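To start, the structure under review is shown below, and the notes come after it.
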Amino acid sequence: MRAVVQRVSGASVVVDGETVGEIRGRGLCVLVGVTHDDTKEKAERLARKLWTVRLFDGDGDGGEEGGGEGGAAGPGSEKSCSDLGAPLMVISQFTLYGDARKGRRPTWNAAAPGELAEPLVDEVVAQLRSLGARVETGRFGADMKVSLTNDGPFTVLLEV
């Protein structure tokens with residue numbers, strides 16, 4: 001299971017002209033990809049990591065405290081969503097397992113089919129909520145328009 005995690009100062013997702021998810025203020029926008037050997041246990045681990053990973057500065061407003069660029073702690077690495085009560089927007093994205101190493105077109109062979117991926121993305125969301133997180137979501141399999149303001153920019157890749 002793979003997640004691209006972006007610290008944001010706001011994000012929204014629109015499907016067919018309707019806003020289906022939105023976070024205002026600081027939080028995380030999380031794009032989640034699922035591969036064939038992913039399990040419920042991996043979804044639970046990813047949720048715990050997302051809830052507790054320290055990607056915010058001490059004030060929670062995204063600044064450069066916490067070590068600065070290239071510092072030991074890294075920029076903005078003092079507080080987590082759980083520390084701040086910051087919301088998360090979780091969006092499924094099978095293209096995270098695209099492979100374009102050969103040829104000019106990516107293949108999606110490593111991406112799990114929808115019948116495997118959807119319940120695992122739902123499990124990440126359910127586990128986050130059980131931990132106390134406020135979670136917004138997109139709509140699985142839909143053509144989504146995701147807008148965000150990346151704070152920093154600050155983006156990390158998580159794999160479990």
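The values are calculated or read from the model by the stated rules, or taken from the named source; none is laboratory data. Please read these numbers as outputs of a predicted model, since none were measured by experiment. With ideal geometry, Cβ positions are generated from the backbone for all residues, glycine too; neighbour counts draw on all protein chains shown.
Given the conditions (1) within 26 Å of Gly152 (Cβ to Cβ); (2) modelled with pLDDT under 95; (3) surrounded by fewer than 18 Cβ atoms within 10 Å (Cβ to Cβ), report the number of the one that Pro75 does not fulfil.
Only one criterion in (1) within 26 Å of Gly152 (Cβ to Cβ); (2) modelled with pLDDT under 95; (3) surrounded by fewer than 18 Cβ atoms within 10 Å (Cβ to Cβ) is unmet by Pro75, namely (3).
Under the condition of being over 19 Å from Lys49 (Cβ atoms), β-branched (Val, Ile, Thr) and in contact (Cβ under 8 Å) with a residue 12 or more places away in the chain, which residue from the range 1-22 is surrounded by the most Cβ atoms within 10 Å (Cβ to Cβ)?
Val13
Tell me, please, whether a residue that is touching a helix residue (DSSP H, G or I) at 6+ places or on another chain (Cβ under 8 Å) and more than 13 Å from Ser92 (Cβ to Cβ) can be found in the range 110-117.
yes
Is one or more of the residues making up the range 80-91 of a type in the set (Val, Ile, Thr), modelled with pLDDT of 95 or more, touching a Lys or Arg at 6+ places or on another chain (Cβ under 8 Å) and closer than 20 Å to Arg26 by Cα?
no
Could you list all residues from the range 21-61 that are in contact with a helix residue (DSSP H, G or I) (Cβ under 9 Å, 6 or more places away or on another chain) and acidic (Asp, Glu)?
Asp38, Glu44
Give me the residue from the range 120-136 that is buried (at least 20 other Cβ atoms within 10 Å of the Cβ) and out of contact with any helix residue (DSSP H, G or I) (no Cβ under 6 Å at 6 or more places or on another chain) and, out of that set, farthest from His36 (Cα to Cα).
Ranking the candidates gives Glu136 first.
Quick one: count up the residues across the range 92-119 that are within 18 Å of Lys40 (Cβ to Cβ) and surrounded by fewer than 20 Cβ atoms within 10 Å (Cβ to Cβ).
Residues that pass the stated criteria total 6.
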